[in-house]
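Engineer: My questions all concern the structure below.
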Amino acid sequence: MVVSGGEDRAREVAGLLRQLWLGLAAYRLFPGSSDRPGFVAAVERIGDSVRLALASGPIDVEVRGDGFVFAGTPLPPNETTERLARACFERRVERVEIAAVPDVRDLERAFAMLSMPPEELREGGGAEAMLASAGVRSIMLSALGPSAVEGADHVAEDVVANPARVPDAHLLASQLRIDELAGAPETRAEALFERLRGLVSDLSIEAGREIDLHATVHDVVTELPPELRRSLVELLVDRVRDDPLAERLIGTMSNAELTRALVDLGRDGRRDPVELANYLAAAGVRHLDLVDLTEALEAGREEAGTILAGLEEVGVDLTKSRADGFGGSVTDALAGYLTATERDDVRTMQATLPRTDEQRKASALLALRDYLMLEGDDERLGEVLSLWAEGLQEAMAMRDPVRVRELLDSVREALGGAGEERESLYGSYARQALAPEAVLALVATVRLDDGGATVPEVLEPFGDVGVEVLLDLLAEDADRERRAHLLAALRQVARGHLRPVVARLQDPRWYVVRNAANLLGNAGGEEVLDQLAGAARHPSAQVRKEAVKALVVAGGAKAVLHLYALAGEGPQDVRPTAVSVLGAIFAPEAAAALGDIALSNPDRGLRRQALDELAEGTEGRELLRALSDAKTRPKLPWKLRRHARRLLREASGAAA
């Protein structure tokens, strides 16, 4: 078989490795739950990537502490593939081979190996042996052996003739003659490092076992006296850019161990741990996450007075709470953050939301929902929801209502039914997405005629929260044109989400109540008539007038009883308006109400007005004719009957 190479092949393999990391991240959310939608979708993506890559030949890549080597050439740096490489490297996996499309069972077994603590994996015989015993044949996670599979992309170097065994930590320490070192800690560290270099060079370690040697060296370093250990770590950090051995030894340290070492190094004030973390990040040895971790741990040390208990907590078991009484401290936050970093919880998946195809977007949302349902730490949950809010703002800026709804639904479903406190987080972070500057920027696009979604279409998925934010902006904005646009958007968005609008009827600001009455008239129906009738008795004349008009807009003929009551018992300035609005309702029940007002209202002016309104519509003229007849009982006063007859003559003349 001829194996194709070149940049296209490298991109195929890099894409596959990226999908493997996303699958591993999805698996770690719910270990052992292979039927979760997020994991199922990840398996499908991995299968597609493997089929594409296998079409050009078997897949065989080498693992380094900072990435992968394909066909003898390092793959371009990429955060996701680097995380996968580190997960492999820390578990002494230096080679990944894929010979067939893995099914869900094989991927579940492989991801389980890459999620186990390194010590537990070593005790079980290593990833290669454990995968083989589990019957996995499509994927091999192993050390570099003496030969690659036939036709593979990479052929390992020859094995030395008489490979040496990796010495254990006690033997290695004796060979290094640590007790014989003399001088200042810096001098002893320099001498120890050169002895390490010579020992590593002299030992004939078989190919693929170098990582075991480096890990053993790391074990020796952790047992050094504190001053010597700090000096050696300082030396390794300073030389990590230029010395391959220093880089490899730093690479054997997990995030938790390296963070511990940096903060330990700063205990005497000689070096700034955060500056060292920045140096390592700039050198490409670790991601910027290390800087965040170091800053947090520094804060924990200052807060608690000591870092040792917190560090042991972080290094030994990230799932436990602190035992030293500093519950809720920065060290607790660090422990949670380390867990999130090691798992990459939702950060990798969140990064795919606005930039991938529809299938990947959907699976990322499923994984996000799964994560939110699982996460028990409110602080970490808040961090993820902040990222989610940023994604919402991006979708709003693109005027993509479908994306907005997908993002909102995924979190609403995850937090719904999880208790009142959790459910409230949805509203809080949705409001964060609806920051005034983001909403006003969206409203400013109302002038665009580019065929894109309208402002109400983008905001409608936010439901009650969106209506509340728009109402707040409407109440505070001094720009007349923007207020008009906000009100126009609210008239559509508020339909079906009237609860926050009704609540504004109790606002102490008259103009807020007036706006609410206007909106209830335009967006409401029969269900808001009682509230509008109450607003028609508001202390503000502007509100009363708006509420009476809103009654007929919202209820039509259903509002007749409320208007009739207002005409008889409402505030004095409301009564003429109520009669006038009744005349605008062309329905038999409205005409009947006007007739009753003409007959029985104690205000003679309103009775005359009711007759005028009856003359305007065909529904009322028959009733007006009856009222003008002296034989009708009860009977109108003579002057009102004469007025009614005159109205009928005028109507007849106009019709002629």
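Engineer: Along the positive direction of the dipole of region 574-649 (beta-carbon charges: Lys, Arg +1; Asp, Glu -1; about the Cα centre), which of 632, 606, 584 reaches farthest?
Structural biologist: Positive-most Cα among the choices belongs to 632.
Engineer: Right, next: Under a 1.4 Å probe, what is the accessible area of region 65-106 per residue, stated in Å²? Walk me through the numbers before you get to the answer.
Structural biologist: Values: 1560 Å² over 42 residues.
Spelled out: the 1.4 Å probe surface of region 65-106, per residue, equals 37 Å².
Engineer: Shifting gears a bit: State the percent of C-alpha pairs, over all pairs in region 532-578, separated by a distance greater than 18 angstrom. Show your work: numbers first, answer last.
Structural biologist: Details: 129 of 1081 pairs.
Roughly 12 percent, rounded to a whole number.
Engineer: Report, in debye and to the nearest 20, how large the dipole of region 529-656 comes out about its Cα centre when Lys and Arg carry +1 and Asp and Glu carry -1 on their Cβ.
Structural biologist: Numbers: 20 positive and 14 negative charges, 134 e Å.
My answer is approximately 640 debye.
Engineer: Moving to a separate point now. Along its three principal axes, how long is region 367-434 when you only count alpha carbons? Whole Å, largest extent first please.
Structural biologist: Here the Cα extents, ordered largest to smallest, are 33, 20, 18 Å.
Engineer: So for each of 430-440, 125-135 I average, over its residues, the number of other beta carbons within 10 Å; can you give me the resulting order with the highest mean first?
Structural biologist: Numbers: 430-440: 17.8, 125-135: 16.1.
Packing order, densest peptide first, comes out as 430-440, 125-135.
Engineer: In addition: Just the number: Rg to Rh for region 455-509, Cα atoms, Kirkwood Rh, two decimals. Walk me through the numbers on the way to the answer.
Structural biologist: On the way: Rg = 10.6 Å, Rh = 11.2 Å.
Radius of gyration over Kirkwood radius for region 455-509 works out to 0.95.
Engineer: How do 510, 638, 388 stack up against each other in accessible area, from largest to smallest, with a 1.4 angstrom probe? Numbers along the way, then the final one.
Structural biologist: Values: 510 95, 638 135, 388 0 Å².
Heavy-atom accessible area, descending, gives 638, 510, 388.
Engineer: Starting from the Kirkwood radius over alpha-carbon pairs of region 413-570, derive D by Stokes-Einstein at 4 °C in a medium of 1.567 mPa s and give it in µm² s⁻¹. Could the numbers behind the result be given before it?
Structural biologist: Working: Rh = 16.6 Å.
The calculation lands on 78 µm²/s.
Engineer: How much accessible surface area, in Å² rounded to 10, belongs to the heavy atoms of residue 545 with a 1.4 Å probe?
Structural biologist: 110
Engineer: Probe of 1.4 angstrom, ligands and nucleic acids ignored: what's the accessible area per residue over region 428-524, in square angstrom? Mind showing how you got there, number by number?
Structural biologist: On the way: 4410 Å² over 97 residues.
Heavy-atom accessible area per residue stands at 46 Å².
Engineer: With a 1.4 Å probe and all protein chains in place, put 454, 445 in order of accessible area, largest first. Show your work: numbers first, answer last.
Structural biologist: Values: 454 65, 445 30 Å².
The ordering from most to least exposed comes out as 454, 445.
Engineer: Additional query: Can you give me the convex hull volume of the Cα atoms of region 489-546, divided per residue and expressed in Å³? Spell out each step's value before the answer.
Structural biologist: Details: hull volume 4.0 nm³, N = 58.
Taking only Cα atoms, region 489-546 has a hull volume of 69 Å³ per residue.
Engineer: Now, a different point. Beyond 23 Å, what share of the Cα-Cα pairs of region 530-628 is found? Please give it as a whole percent.
Structural biologist: On the way: 857 of 4851 pairs.
Of the Cα pairs, 18 percent sit more than 23 Å apart.
Engineer: Can you send over the carbon and sulfur percentage of the accessible area for region 445-554, probe radius 1.4 Å, protein chains only?
Structural biologist: Details: 2430 of 5070 Å².
Roughly 48 percent of what the probe reaches on region 445-554 is carbon or sulfur.
Engineer: I've got another one for you. Over region 565-606, with every protein chain in place, what whole percent of the accessible area is carbon and sulfur at 1.4 Å, could you tell me? Before the final figure, lay out each step's value.
Structural biologist: Details: 970 of 1710 Å².
About 57 percent, which is the carbon plus sulfur part of the accessible surface.
The values are calculated or read from the model by the stated rules, or taken from the named source; none is laboratory data. Nothing here was measured: the structure is a model prediction, and the numbers come from that model. Virtual Cβ from ideal backbone geometry, glycine too; neighbours counted across all protein chains shown. The accessibility values were calculated without ligands, DNA or RNA, using every heavy atom of the protein model including side chains. Shrake-Rupley method; radii C 1.70, N 1.55, O 1.52, S 1.80 Å.
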